[in-house]
Each structure stands twice: as C-alpha cells, then as structure tokens.
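Peer 1: One structure, pasted below without further comment.
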Amino acid sequence: MSNVAKIVPDGAELTDGFHLIMDALEMNGIENIYGLVGIPVTELGRMWQARGHQFYSFRHEQNAGFAASIAGYLTKKPGICLSVSAPGFLNALTALANATTNCFPMVLISGSSEREIVDLQQGDYEEMDQLNIARPHCKAAYRINRPEDIGVGVARAIRAAASGRPGGVYLDIPARLFCETLSAEKGEQSLFAPVDPSPVQLPGPDAIERAAKLIREAERPLILLGKGAAYAQCDDEIKALIEETGIPFTPMSMAKGLLPDTHPQCASAARSMVLKDSDLVVLIGARLNWLLAHGKGKTWGGGLKQFVQIDIQADEMDSNVPIAAPLVGDIESCVSLLRPALRGMQKPSEWAKAVAEKASGNRLKLAGKLTKPTAVMNYHNSLGAIREVLKNYPDITLVNEGANALDNARMIIDQYKPRRRLDTGTWGVMGIGMGFSVAAAVETRAPVVAVSGDSAFGFSGMEIETITRYKLPVTVIVMNNGGIYRGDETNEASDQAAVTVFNSSTRYDQMMVALGGEGVRVTTPEELAEALERSIKSGRPTLIDAIIDPAAGVESGRIGNLNVVSTIGKK
Ligand code: ADP
Ligand code: TZD
Ligand code: MG
C-alpha cells in the first residue's frame with residue numbers, strides 16, 4: 001500500500017484512521033469529496049488534497065451534500081460528503097434524505113463524539129447520537145469503531161449506496177478513530193475493494209415473456225422514462241427499444257434528453273393526451289408517485305391502466321396500482337432482454353402518428369408565446385431566449401429550481417443529451433441549485449447553467465463564492481420576480497410585508513460581483529440571450545439577474561392543485 005503512513009515509534013510501522021479511511025476511499029475509486037471542515041475532520045480534508053485528490057469546501061453542509069448526491073447520480077458511483085458532528089451533520093442530513101428519496105447513491109461521512117460521552121449524555125462539544133438520527137433518513141447507517149474495521153465499513157457503505165436501488169448511506173466516525181493506530185501491515189490486510197458493488201440483476205424469462213406479450217398486444221402503448229432510466233447509463237439500449245418498437249415516449253423531468261426532446265417519437269408536448277388515452281404504459285425507472293398522479297384518476301383517463309414496470313426494487317411494484325407485468329431487474333438487463341422478445345412486433349403507427357400530430361401542434365402553439373414581446377419579461381419570453389441559446393450547447397448541464405421558474409423551464413427548454421437536466425426531483429426541494437451546479441461542473445467538466453427562482457436561489461446563494469473560488473464555468477440565471485411564486489402580493493390584513501414577497505430592489509448580480517464573479521442585470525429577452533452567450537463563452541462564473549414581471553407567476557406553479565387553503569375564511 002503506497003499511501004500507508006510510516007510513523008515509526010519503536011521501529012514499528014504504523015498507520016492510523018485518517019490514512020486508512022483515505023486508502024479505503026481510494027480503493028473504491030473516489031476522487032472528489034464535497035464537504036465542510038472543522039473538528040474533527042479538517043485534517044482529513046487537507047490530507048486528501050495532499051494525496052492529489054480534490055476536496056470541495058462549501059459554505060453550508062446541505063449544499064455539499066446535494067453536490068455529493070448529484071455527483072453520485074451523474075457517475076453511478078457514490079458521491080462522498082464529509083461533515084463535522086451534530087449541527088454540521090444535521091445540515092447535511094437533508095441532502096442525505098433527499099438522495100435516498102431520489103435514489104441517488106451517496107455516502108455522508110460525519111465525525112462524531114465519543115460513545116461513552118454521547119451515551120451518558122454528558123455534554124460533549126457538538127454531542128449528538130448521529131447514527132440513530134440518520135437511520136430513518138437513509139438506506140443504511142453504519143458506525144466504525146475500530147481502525148481494523150475501516151476497510152469493511154467503507155466497503156459496506158459504498159456497496160449499500162450503489163447496489164440495487166441506489167440511495168444515501170451514513171457513515172459515523174467517532175473523532176478518536178481518526179488518530180487510532182494500527183500496524184501498517186494489519187491495516188493493509190484489512191482493506192479491500194468490493195467486487196462488483198452494483199451487480200446486474202436479471203428478470204426471469206417468464207417475466208420478459210409476460211411483458212412482451214402485453215406490449216405486442218397493446219394498441220396505444222406509451223413508454224415513460226424516469227430518472228432511473230437516465231441513471232442506468234444504457235442510453236443506446238433504451239433508444240433502440242424505442243426506435244425498434246415505434247412506441248411514443250415521454251420523459252420525466254430528469255429523463256429529458258435521454259432521447260432528444262425533439263425526437264419524432266417524443267410525446268412530452270402531448271403529455272396529457274398520452275397519459276389519458278394510452279392503453280398500456282411501460283414505466284422504465286419511474287415510480288407512480290405524486291408526480292404521476294399515483295397512476296390513477298383523471299390524469300390517466302379514469303379507469304385502471306395496464307402497466308409494465310421496469311425497476312430494480314421489487315417492492316416498488318403494485319405500490320399504487322396493480323402492475324400487470326413487473327420486470328424486476330436492472331434497466332440495462334431488462335431492456336436488452338425485452339428487445340429480442342419484441343422483434344418483429346407491429347409498430348403502433350396510427351397511434352404514434354396521432355400523438356406526433358398533437359405534440360407538434362402544441363409545440364407550435366408554445367413557440368408563438370416564446371417570442372412574444374411584453375413590457376416586462378415573463379417566464380415564456382425569458383425562457384424562450386434561454387432555450388434558443390442552449391440549443392447550441394447540448395453538452396451544458398441545466399440545473400433548475402423554483403416554482404414557475406421550474407415548471408416553465410422544464411416545459412420550454414429542450415434537452416438533447418442524457419443526464420443534462422438536474423432539478424428539484426422527487427421532493428421538489430428548493431436549494432439544490434448551487435450544490436448541483438458545483439458538482440455538475442466538476443464531474444462533467446463542461447459548463448453549467450442554473451435557472452433558479454429568486455426564492456430558490458436564496459437557499460444556496462452563498463455558494464456562488466464556492467463557484468468563484470474553484471473558478472467553475474457556471475452561469476446562474478436568477479429569475480427575479482421579487483418573490484415566491486409572485487412578487488406583487490399586497491398584505492391586506494397587516495402592515496408586515498406579504499409572506500410571498502421579497503425586496504423588489506435586490507441586486508443578485510451585485511452579490512456575484514462582491515463574491516468574485518461577473519454580474520449582469522437584464523430586462524429584455526435580447527439582453528438575457530446576449531449575457532448568457534457571453535457568459536458561456538467566457539467560462540467565468542456569472543450571475544444574470546433577470547427581471548421578471550412580478551405578476552407573471554401563479555401560486556405553487558403547476559402544482560396549485562396541491563395547495564391548501566382554509567374553507568372558512570382567513571381570520
Ligand atoms: P422520476 O422522478 O424520474 O419519475 P423516480 O425517482 O420516481 O423517477 O424513479 C426512479 C426509479 O428507478 C426508482 O424506483 C429506482 O428503484 C429505479 N432505478 C434506479 N436505477 C435503476 C437501475 N439501474 N435499474 C432499474 N431500476 C433503477
Ligand atoms: N422549502 C423547501 C426546502 N422546499 C420547498 N419546495 C419549499 C420550501 C416551498 N416552495 C416551493 O415548493 S417553490 C418555492 C418554495 C419556497 C419557491 C418558489 O419561488 P421562486 O420561483 O422564486 O423560487 P418562482 O419563479 O417565483 O415561482
Ligand atoms: Mg420568484
């Protein structure tokens with residue numbers, strides 16, 4: 001082991017917890033750590049850099065955690081987040097829970113207080129029973145108590161995060177362990193790289209036969225791609241399945257670009273129609289959760305649909321509605337077995353044609369709105385301008401958060417390549433913006449454009465300093481409508497500011513200038529397009545403060561139906 005420390009008291013070669021943790025991470029191919037240092041993990045960050053790796057130091061652990069989680073999603077290898085104990089751990093916990101909810105592989109490594117003090121609640125510096133707090137929020141939680149267990153502890157964490165349905169894993173490291181020593185020889189023997197940490201899982205031949213039969217017999221089939229399909233990184237298999245069968249497809253938001261949004265079979269623009277009128281839906285790496293109206297009701301045309309579902313998690317099947325043909329396995333294996341079973345099937349040409357017509361009609365209708373000038377920019381013409389610029393940069397990763405800023409950008413901005421759209425995901429969580437942007441720039445080595453509502457941006461805005469510090473090619477566009485959903489609410493009931501409203505004079509562009517990047521305020525689609533183009537070309541961290549009509553948005557964006565209001569009046 002080249003990196004084992006050679007401390008030599010009494011002639012014995014020793015290693016310690018610090019070195020063993022780094023050795024174990026290296027063995028697992030880890031290069032980047034996203035974190036925030038302090039007692040007891042500062043030295044680990046320094047030593048990691050000294051070994052020639054990257055440690056990205058954030059301003060708040062939640063953003064470091066979001067970064068690690070999306071690094072995991074983009075690379076299929078668990079992203080690593082490092083935090084201090086108690087408050088640092090808790091700050092990162094939201095990101096760990098979000099990773100688990102979204103099926104992103106990540107490992108949160110937190111320093112912690114010694115067991116004997118925590119267990120007797122004797123009041124240590126940043127004392128907290130972190131392991132038990134983490135447990136319900138992640139896929140697995142482990143503590144390593146002895147240096148000789150570091151190898152197995154890290155291996156288990158990596159395997160738990162990456163295998164089967166990916167998710168968040170918590171690894172608790174009591175402060176003392178970092179300095180505990182072990183003979184270098186024993187240390188070396190205790191380390192190992194797990195063999196095949198995310199093994200393929202094949203569905204049985206009956207399951208393939210059952211699914212193929214349903215698909216062949218369907219008259220109006222639809223393929224619905226979720227972010228699991230994007231995560232699986234078998235883009236060519238999925239493209240081949242769709243093109244060989246001629247079935248229309250529609251992507252969930254983070255699956256956009258798996259096939260280009262401009263693909264002739266893409267039914268995004270006819271989404272209501274295909275969900276309602278299809279007679280069979282093939283779900284590939286998408287859950288029938290709230291984002292799909294739980295697979296039932298008006299959205300789906302009232303009656304019960306027939307579903308084929310491809311998912312690695314067996315108990316995902318029937319979670320909301322009965323699944324006629326479950327295909328439990330990894331997407332690449334399932335799709336590659338399904339394709340030969342469907343060979344020669346008759347393409348649903350009439351249905352596909354009707355869907356394509358509806359979709360192109362709707363795209364045409366939308367196009368008109370995207371170029372229509374208004375006195376103050378609205379979501380359509382501002383995002384229309386962004387869409388035109390991004391058309392020429394298909395490798396750029398788009399990070400997107402907000403309510404109206406999210407829903408409209410998802411609809412308007414086309415994606416052309418897989419895994420280039422990262423957003424608020426399953427929870428609709430605000431605050432992913434800057435953490436995702438840092439990790440996307442780091443992991444893809446290509447430029448990133450974040451389109452954030454002004455409220456959404458506020459959750460992670462301080463990380464623009466992180467972006468300038470590491471000189472990352474990130475352009476942040478703040479859709480500044482002066483508030484949450486809208487910026488024009490007046491408070492009829494009291495003289496306090498309305499709950500949805502921010503200072504209308506806030507200069508987000510100047511924030512970026514103050515923190516070392518470029519800032520520009522724009523008020524027209526032309527200015528916006530020009531500033532974005534310039535920023536992308538320069539590769540410099542830039543914030544574009546885009547002034548949007550405060551009256552342009554709607555409450556809760558596209559999910560106003562989930563809003564809760566009193567039925568008996570306000571007082
Ligand atoms: P979306 O929000 O895009 O609809 P979800 O997060 O709801 O997507 O669903 C993703 C699904 O993909 C999860 O149920 C997860 O188990 C599944 N999944 C993730 N990776 C794989 C894989 N490699 N093979 C099979 N299923 C996968
Ligand atoms: N807190 C967290 C962590 N996640 C959330 N989703 C919310 C609060 C509630 N919320 C939304 O669902 S969207 C949103 C909040 C606060 C912000 C919407 O305002 P915005 O976007 O400025 O980001 P628009 O363009 O003004 O709609
Ligand atoms: Mg706003």
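Where a number appears in this text, it was derived from the coordinates with a stated rule and is not lab data. Everything quoted here is computed from the prediction, not taken from an experiment. Reconstructed Cβ throughout: ideal geometry from the backbone, glycine too, with neighbour counts over all protein chains shown.
Peer 1: I need THR100, THR371, THR490, THR75 ordered by Cβ neighbour count within 10 Å, fewest first.
Peer 2: Fewest-to-most ranking of THR100, THR371, THR490, THR75: THR490, THR371, THR75, THR100.
Peer 1: Here's something else I'd like to know. Taking a spot 7 Å from the Cα of LEU366 along the direction of its beta carbon, which residues of region 290-322 have an amide N less than 20 Å from it?
Peer 2: Output list for this probe position: 291-293, 299-300.
Peer 1: Using alpha carbons only, what's the Rg to Rh ratio of region 403-479 with Rh from Kirkwood?
Peer 2: 0.93
Peer 1: Normalised by the residues of region 205-356, what does the relative contact order come to in percent, with Cα pairs under 8 Å and at least six apart?
Peer 2: The normalised contact order for region 205-356 reaches 32 percent.
Peer 1: May I ask you to order 332-343, 150-161 by the average number of other C-beta atoms within 10 Å around their residues, highest value first?
Peer 2: Output ranking for 332-343, 150-161: 150-161, 332-343.
Peer 1: Considering the Cα trace of region 1-142, what is its radius of gyration and what is Dmax, both in angstroms?
Peer 2: Looking at region 1-142, its Cα Rg and Dmax stand at 15.7, 51 Å.
Peer 1: Can you compute the helix-only [θ] at 222 nm over the chain? Use -39500 (n - 2.57) per DSSP H run of at least 4 residues, normalise by all residues, nearest 500 deg cm²/dmol.
Peer 2: -11500 deg cm²/dmol
Peer 1: Taking only the alpha-carbon positions of region 17-80 and ignoring solvent, what does the Debye formula give for the base-10 log of I(q)/I(0) at q = 0.19 Å⁻¹?
Peer 2: Here log10 of I(q) over I(0) equals -0.70.
Peer 1: If you don't mind, another one. What spacing in nm lies between the two simple spin-label points modelled at VAL565 and ALA314, each 7 Å away from Cα in the Cβ direction?
Peer 2: According to this spin-label approximation, the distance is 4.7 nm.
Peer 1: Computed on alpha carbon atoms, what radius of gyration and Dmax characterise region 480-571, expressed in Å?
Peer 2: 17.1, 55
Peer 1: Expressed as a fraction of 2.2 N^0.38 Å, the rule-of-thumb size for a compact globular protein of N residues, what is the C-alpha radius of gyration of the chain?
Peer 2: 1.02
Peer 1: Scale the Cα Rg of region 372-559 by the rule-of-thumb value 2.2 N^0.38 Å and send over the ratio, two decimals.
Peer 2: For region 372-559, the normalised Cα radius of gyration is 0.95.
Peer 1: How much of the DSSP beta bridge set in the chain is antiparallel, as a percent to the nearest 5? Don't jump to the answer; show the numbers that get you there.
Peer 2: Values: 6 of 72 bridges.
Counting DSSP beta bridges with both partners in the chain, the antiparallel share is about 10 percent.
Peer 1: Computed on alpha carbon atoms, what radius of gyration and Dmax characterise region 205-325, expressed in Å?
Peer 2: Over region 205-325's Cα set, Rg and Dmax evaluate to 13.1, 35 Å.
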